[in-house]
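Report on one structure; see the data block that follows.
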Amino acid sequence: MGNAWKRALPIAVSGASLAWVFTRFDLSAVADALSWRIVQVLVPALILYGAFTLVIESASILRLLSRRPPGFGAWTAARVKSASYLLAIVNYALGGAALTLLLRRRAALGLGEAVGIVLLISMTDLCVVLLLGTLGLLAHADRLAINAGLLVLAGAGFFGALVLLRMQASLGPLERIRSLAVFDALRHTPARNLWELGGLRLLFCIGFIAVAGAAFSAFEVAVGPAQLIGGVMILALVGALPIAVAGIGPGQIAAVEIFQGTATPETLLALSLVLSTGLIGLRATTGLLFAREFTREALEQTRGEKA
């Protein structure tokens with residue numbers, strides 16, 4: 001019953017959010033905002049984004065592997081990541097679980113080590129998103145102090161935790177927590193690899209901002225660089241919340257609110273729906289084309305773990 005509720009909740013939230021959106025906005029005006037120019041601009045941008053980010057994902061995984069079994073190279077890492085995309089569409093956490101299970105089997109890792117790698121990549125993504133989002137919002141003078149404070153607190157919290165995990169001195173009662181296998185990647189990954197991972201995830205976020213910028217261009221909506229960066233990073237956080245299917249519904253509401261004033265609400269709604277649909281289609285196609293058997297394996301293993 002619990003698992004059924006968890007699976008149904010994101011669908012219910014997305015459905016309710018979209019129903020509210022469609023009753024509030026003029027659907028004919030939403031349809032009028034669509035044109036073939038959008039397809040011509042956005043489809044090539046999505047294809048480039050998909051190829052670029054898959055290379056980044058593969059390199060990120062390889063940077064964190066302390067050892068590689070025979071045959072586990074860049075192509076296998078890319079396919080393993082691709083296989084997690086379908087589950088990630090439903091729920092970001094499910095995608096992480098699928099990636100963990102596949103890394104255990106294909107990279108011959110222990111559960112704690114696999115969880116640690118997935119957790120470290122996710123934490124790095126969160127830090128980069130917060131950094132870029134805050135820097136984008138810093139352009140608003142009325143929010144300068146509070147956003148600068150949030151950036152300092154988030155950065156201090158992350159790097160403070162990293163120092164505690166990697167320091168040689170004993171943490172006393174907390175040592176048992178620090179020694180958990182899920183923190184192995186944070187504790188033992190060489191500092192150079194961590195910096196490289198940070199650079200890779202920064203490139204990943206820049207790619208996401210670029211494809212969102214292509215969507216604004218396709219809809220001929222003018223938006224400043226700072227607003228684009230800050231707004232898109234907020235949307236990335238909303239999309240990662242495990243409360244809706246791929247952020248559908250809450251993501252559209254957030255997009256209309258964040259970018260209000262740059263275009264009509266109906267145009268912003270159409271833009272958000274097209275971009276979300278395009279990203280979902282891209283991830284689903286990538287998973288099916290490049291890692292069909294891995295995707296099947298991830299689905300079976302995830303169901304088995306839940307059972």
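The values are calculated or read from the model by the stated rules, or taken from the named source; none is laboratory data. If you're wondering where the values come from, they're calculated on a predicted model, not measured in any experiment. Note that each Cβ is placed from the backbone with ideal geometry, even for glycine, and that neighbours are counted across all protein chains shown. In case anyone asks, the SASA skips ligands and DNA or RNA and just uses the protein heavy atoms, side chains included. Shrake-Rupley method; radii C 1.70, N 1.55, O 1.52, S 1.80 Å.
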Extension gain (nm, one decimal) between Ser35 and Arg68, 0.36 nm per residue minus Cα-Cα: 7.1 nm
Taking protein heavy atoms only, a 1.4 Å probe, and rounding to whole percent, the accessible area of the range 1-114 owed to carbon and sulfur comes out at 67 percent
Equivalent-ellipsoid semi-axes (√(5λ), Cα gyration tensor) for the range 210-283, whole Å, largest first? 18, 13, 12
Take the range 1-135, drop everything but the C-alpha atoms, weight them equally and run the Debye formula without solvent; then report log10 I(q)/I(0) at 0.20, 0.22 Å⁻¹ to two decimals. -1.21, -1.27
FRET efficiency (Leu237, Leu48; Cβ distance; R0 35 Å; to 0.05) is 0.90
About its Cα centre, the range 13-132 carries a charge dipole, from +1 on Lys and Arg Cβ atoms and -1 on Asp and Glu Cβ atoms, whose size in debye to the nearest 20 is 560 debye
Per residue solvent-accessible surface (Å²) - the range 192-248, probe of 1.4 Å: 41 Å²
Carbon and sulfur together cover what percent of the accessible area of the range 197-252 at a 1.4 Å probe radius? 78 percent
